[in-house]
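To start, the structure itself, in structure tokens.
The values are calculated or read from the model by the stated rules, or taken from the named source; none is laboratory data. These figures come from a predicted structure and were not determined experimentally. Reconstructed Cβ throughout: ideal geometry from the backbone, glycine too, with neighbour counts over all protein chains shown.
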Amino acid sequence: MTTKKIFTLSIIFTFLSVMLMPGFAQGPSSFKKNTIKGKVIDDELNVPLEYATVSVQNTEDPQDITGGITNAKGEFSVDVKNGTYNIIIEFISYETKEFKNRKITNDLNLGVIKLGLGSENLDEVVVRAETTQVDIRLDKKIYNIGKDLTTAGGTVSDALNNVPSISVDIEGGISLRGNENVRILINGKPSAMAGFGNTDVLSQLPAEAIERVEVITSPSARYDAEGTAGIINIILRKKETLGFNGSVNLNGGIPENASISANLNYRTDKFNLFTTTGYRYNESPGYAYFDTRYFEPREDAFLGDIEYDRNIEDRDYDRINRGFNTNVGMEYYISDLSSITGSIFYRLGDDRDVTMNKNDYILNGENLLGTNRKETENEKDESIQFALNYIKKFDNKGHELTADFQFENDSETQDAFINEPILYNNTDVDAIRVPSESTITIEDQKEYLLQADYVRPIGEESQFEAGYRGNIENEVTDYELYQEDANGNFILNENQTNVFDYTENVQAIYSQYGTKFGDFSFLLGLRLENTNLKGTIDSELTEEELQEEFSFDIDTDFDNNYLGLFPTVNIIYELGEEENITLGYNRRINRPRGWYINPFPSRSSRNNIFQGNPNLNPAFSNAFDLGYLKRWEKFTLTSSVYFQRETDAFQRVQEEVFITGPAGQDIEVIRSIPFNLATNDRMGGELGFLYNPTDWLRLNGSVNAFRFKLDGEFNGVDYSQDNFSWFGRFSSKVTLPLKIDWQTNLFYRGPSDEIQGTQEGILNIDLAFSKEILNDNATLSLNVRDIFNGRKRNSFTSTEFFEQDSEFQWRQGQSVNISFIYRFNQKKQRQQRGGGNEDYDEGEF
């Protein structure tokens, strides 16, 4: 966009903002204005209270109400005509002060107004500071993250694993109610911190960065329709205290890990500077075991064409992850009702993984050959994101316009070297030699986001909202495979080498209307989205040769458009002040990500590959959710039942295929590939509770049981199945003598049937202790994760060609971690008033 165009748009945007200001078109005042002013402060701390509400009501005309909010200095100024008024000063969780029947004919200075903490809110302040609380909105559940000791020194992924409805598997994959097709947002938007279609970065950010987690199982029309399971919106902390304040976090533990991070903030009356910066180093040893038994003997060209009917793989992973990340930004307050925020997020990763894979090839129970495959992989990645946000509030009742622009670039270079020396040879074939391999993968991803949202309250009980979002994402993957020939030279395998250029362009407009009628609240919305998926495959092979190589039709230059309407309905019925029923309906889409589309295989081993499918179409779902919430003085109960039908659902199928080696020989491998395989019906229910019986004991738990029914077939094989599974979690926190906190977390995922086998249950127990020190300005924590070493996946897979038992553990054994957090210029309890930062409560009404 040229400078001239940007300047023109800026002029237009500013003009519209001014035109929409209340009172702009009213012309000169026909009456004398008097100014009511004052300053509101905390009675105990003597610090200004920003965003305190000032209401001024005309006693002769109760409908004549005006007012405002305090600024960063706690000051306010309200203009009124001559008359008699009631002046009310309010701030959440504080006492209310009233100045009644004030006759005003001239300017009035109320001076310094001190507000004390309301006595009825004292218990709530302590509870919010210590434990996770849940709040139900029309389209979401909000979990305000408390002091979860088991995640001290941990990551965002660790913290998510303790939120009801969410589970994080042993590889870091995040699912919502057992469904992995979930959209991850940061502060309501896609972000480099969540990665492009993966969650690796969430395993590097500190858990202390989270303010709250929004679980959105019935997203409103404001949100992107991506993610058939729903949306997980992670809200990061953002301090608003005047002056310079922050915290520093030091961590260390076994297996070897260390990290340091700082959350700093400097606030004045006109701007707020903030940063979260950290460095993390960790070693993560892992383990895997695969016992594959073939129904018919098979040959391997790399092994002298020997026949074997069983292959045992025993893997050890040695991972080293090093990462630096920083988020720096400034919010500038243009006026009391408008601000602009700019931020830059930068991440640099440097990882090194070494995988040792011992293979035994067996025929009729006799060991024929043994190899020791070693793969050394180096990965360097760099992400940078620029974000700009503008907020224009036209009043203090929710009438506002927001605009966002975001750009990010993510680049990654990965090189791997694989060699497989012979350990023993009991065959008749002499001098068997497995050739070495070398791969180079370069990925470059760019994403542009432009979004605008307009919210207009209508009366006291209704609200209208409309907006636009445009999101363009481009991903280019350059993959090269070199294989060693008989002379020891590395030859480019042109059958596997390629460049894949993939673009996802989503344009959407939406509108929604919310209102309250008696005890009912409604939020009705409609979103129109156009999805454009296009890609090109640059390869030495022709399209016909690619189809022969991969055994299915391939379009090397595809351009597909999908236009869809996505309605949403969310209803709350208030049975009482602390009891309600919610009902939600939404239609969603699951767009295939780039790595699910790329047809060129990635190699987890020489015998096992994953291959994308460029013929994948988006999957669509319709979902219903019925929830119930009841609060007592010390007990909160949440529950829901849900049903979802997804058509053209993605499923990964394993099959035996032949691929071409560097010398033109056919190599038989096990391929895992996704297809639009089935209709997937999911139904289930969840039950959760929060119980604080005493000041020294806090309990919470949840259980989620679900059933899914698949209906589909591929290549003449029926993959239909009816499966039931469940997962549950329980947490207890006890305050011991000497003010030592002790927390225990338990998570269990039940066994399940997969489309080609079964998976056993997983049990994980974490233990943690903490104590406040240095006049409560610092916290020292010790935690032990997976104390019984049960966080491992045991599976059985059966196909028409083979059956396989496997065991996989991403991080082997227990881990012990010590964390030290030091806070300065922070008052912990007072910061919890009002339930935390509400800047990103999107879609509310």
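Just one residue in the set Glu540, Glu579, Glu548 is closer than 28 Å to Tyr642 by Cα and surrounded by fewer than 18 Cβ atoms within 10 Å (Cβ to Cβ); that residue is Glu579.
Within the set Lys374, Lys358, Lys392, Lys380, the sole residue that is over 30 Å from Thr497 (Cα atoms) and of a type in the set (Lys, Arg) turns out to be Lys392. Flag not set for Gln406, criterion: over 28 Å from Gln507 (Cα atoms) and within 28 Å of the chain's Cα centre (by Cα).
Filter region 631-651 for residues that are buried (at least 16 other Cβ atoms within 10 Å of the Cβ) and charged (D, E, K, R); which is nearest to Asn676 (Cα to Cα)? Among them, the one singled out is Asp648.
Counting only residues that are modelled with pLDDT under 80 and under 19 Å from Gly116 (Cβ atoms), region 67-94 holds 4 of them. Restricting the search to region 540-562, which residues are closer than 18 Å to Ile667 by Cβ and either touching a helix residue (DSSP H, G or I) at 6+ places or on another chain (Cβ under 9 Å) or among the basic types (Lys, Arg) (or both)? Hit for region 540-562 is Leu541, nothing else.
Across region 57-75, the number of residues qualifying as surrounded by 14 or more Cβ atoms within 10 Å (Cβ to Cβ), in contact (Cβ under 8 Å) with a residue 24 or more places away in the chain and over 14 Å from Asp395 (Cβ atoms) comes to 9. Within region 567-583, not a single residue is small (Gly, Ala, Ser) and either modelled with pLDDT of 90 or more or not in a strand (DSSP E or B) (or both). Ser220 - would you say it is more than 24 Å from Arg749 (Cβ to Cβ), in contact with a helix residue (DSSP H, G or I) (Cβ under 8 Å, 6 or more places away or on another chain) and at pLDDT 75 or above? Here the answer is no, as Ser220 does not meet what is asked.
It is to be established whether one or more residues within region 267-277 are modelled with pLDDT of 85 or more, assigned by TED's automatic domain parsing to the domain that holds Ile320 and in contact with an Asp or Glu (Cβ under 6 Å, 6 or more places away or on another chain). Checked against the condition, which is being modelled with pLDDT of 85 or more, assigned by TED's automatic domain parsing to the domain that holds Ile320 and in contact with an Asp or Glu (Cβ under 6 Å, 6 or more places away or on another chain), region 267-277 yields at least one hit. The set of residues in region 275-307 being among the aliphatic types (A, V, I, L, M) and either touching a Ser or Thr at 6+ places or on another chain (Cβ under 9 Å) or assigned to a loop (DSSP other than H, G, I, E, B) (or both) consists of Ala288, Leu303, Ile306. Give me the residue from region 612-636 that is farther than 17 Å from Gly701 by Cβ and in a loop (DSSP other than H, G, I, E, B) and, out of that set, modelled with the highest pLDDT. Selected residue: Pro618. Could you list, in sequence order, all residues of region 781-808 that are surrounded by 17 or more Cβ atoms within 10 Å (Cβ to Cβ), assigned to a strand (DSSP E or B) and of a type outside the set (Val, Ile, Thr)? Across region 781-808, the qualifying residues are Ser781, Leu782, Asn783, Arg785, Arg793, Ser795, Phe802, Gln804, Ser806, Phe808.
The number of residues in region 706-735 being surrounded by fewer than 18 Cβ atoms within 10 Å (Cβ to Cβ), among the aliphatic types (A, V, I, L, M) and touching a residue at least 40 places away in the same chain (Cβ under 8 Å) comes to 1.
Identify the residue in region 530-550 that is of a type in the set (S, T, N, Q) and farther than 28 Å from Ile589 by Cα and, among all such residues, is farthest from the chain's Cα centre (by Cα). Only one residue tops the list, namely Thr542. Of the candidates Ala288, Ala301, Ala258, the single residue that is within 30 Å of Gln804 (Cβ to Cβ), in contact with a Lys or Arg (Cβ under 9 Å, 6 or more places away or on another chain) and in the same structural domain as Trp810 (by TED's automatic domain parsing) is Ala288. Filtered by the rule that a residue be among the hydrophobic types (A, V, I, L, M, F, W, C) and in contact with a Pro (Cβ under 8 Å, 6 or more places away or on another chain), region 285-302 gives a lone residue, Phe302.
Identify, from the list Glu504, Glu480, Glu529, the residue that is surrounded by fewer than 18 Cβ atoms within 10 Å (Cβ to Cβ) and assigned by TED's automatic domain parsing to the domain that holds Ala416. Only one candidate passes the filter, namely Glu480.
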